[in-house]
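Novice: Can you keep this structure in mind? I'll have questions shortly.
Derivation of every value follows stated rules applied to the coordinates shown; laboratory data play no part. Please read all numbers here as calculations on a predicted model, not as lab measurements. Using ideal geometry, Cβ is built from the backbone for each residue, glycine included, and neighbour counts are taken over all protein chains shown.
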Amino acid sequence: MERPQPDSMPQDLSEALKEATKELHTQAENAEFMKNFQKGQVTRESFKLVMASLYHIYVALEEEIERNKENAVYAPLYFPEELHRRAALEEDMAFWYGPDWQEAIPYTAATRSYVRRLHEVGCMEPELLVAHAYTRYLGDLSGGQVLKKIAQKALDLPSSGEGLAFFTFPNIASATKFKQLYRARMNTLEMSPKVRQRAIEEAKTAFLLNIQLFEELQGLLTQDTAGQSSSTTPRLRRQEGGGVQESTPTKTPRGKPQLNIASQSLLLRWVLTFSFLVATVAVGLYAI
């Protein structure tokens, strides 16, 4: 049998995903939106936007998890009581958007791309769900706890945790021990080398989707700050009756579409602001 090369991926799937996404993880943390958040530079409007996007993302992810909960490619990772976030996010939506939140919450273009990819994976390649669950849930149990404290202080939220249910995991006594259990379960999944590689690539795509979401949200906030909130309104079209409405690209003073992830103007802004992210974004545009 041929011995593995020194630079080959780690044997355990959890370690392979961690190693493959290390650079993207760092880049996601260094996106302007997240850097501002970590500095405590977060407004109620920005927090509401990101929480609304998370609601749509977790609804899609957990719909696909439920669809595949008995499938051997995901069953070992099925922890609805411990991990699922939809109910918590519904509480948060009511806090931030009021009793009619289902008609009030925004649904942005980058969020729709993320949701679309989750449904594609769940329906056509459920063996790749592990990549998205790993990216989201383990991140929530790690850095998410830091963001909770930052938001609570910056937004002067009640110490009772109202508006931050998303970050609370009442059925997990020790995040560290649970993450160890989760990774151990990940490593029991039976995958062919080809599927394993696809899962690794899908984890990269998950991080790219997050980076693009952060960039879009930052763009929305920048436009609002500049007094151009009226021009971004179409990108924040509400859901009627719980359905998804397509939005029509608006124009900047130079006539270029706003918040179009694939647009040249957006990519140019990435170059000027975070030159080291350009190659990553370009890959992401083809991966999605």
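Novice: Which of the residues belonging to the range 118-135 are assigned to a helix (DSSP H, G or I) and surrounded by fewer than 21 Cβ atoms within 10 Å (Cβ to Cβ)?
Specialist: Of the range 118-135, the ones assigned to a helix (DSSP H, G or I) are 118-124, 126-135.
H119, E120, C123, M124, P126 - these are the residues of the range 118-135 that are assigned to a helix (DSSP H, G or I) and surrounded by fewer than 21 Cβ atoms within 10 Å (Cβ to Cβ).
Novice: Hey, another quick one. Can you tell me which condition V195 does not meet? The list is (1) closer than 19 Å to A28 by Cβ; (2) in contact (Cβ under 8 Å) with a residue 12 or more places away in the chain, and all the others hold.
Specialist: V195 satisfies every listed condition except (1).
Novice: Looking at the range 54-95, which of its residues are of a type in the set (V, I, T) and over 19 Å from the mean Cα position of the chain (by Cα)? Please lay out each step first, then the result.
Specialist: Within the range 54-95, the first condition is being of a type in the set (V, I, T), and the residues that meet it are 57, 59, 65, 73.
Of everything in the range 54-95, just one residue is of a type in the set (V, I, T) and over 19 Å from the mean Cα position of the chain (by Cα), namely V73.
Novice: Continuing with this model, one more query. Please find, within the range 166-183, the residue that is surrounded by the fewest Cβ atoms within 10 Å (Cβ to Cβ) out of those that are in contact (Cβ under 8 Å) with a residue 60 or more places away in the chain and in contact with a Ser or Thr (Cβ under 9 Å, 6 or more places away or on another chain).
Specialist: Checked the range 166-183; the qualifying residue surrounded by the fewest Cβ atoms within 10 Å (Cβ to Cβ) is R183.
Novice: Would you point out which residue out of E70, E45, E66 is without any contact (Cβ under 8 Å) to a residue 40 or more places away in the chain, part of a helix (DSSP H, G or I) and at negative phi?
Specialist: E66
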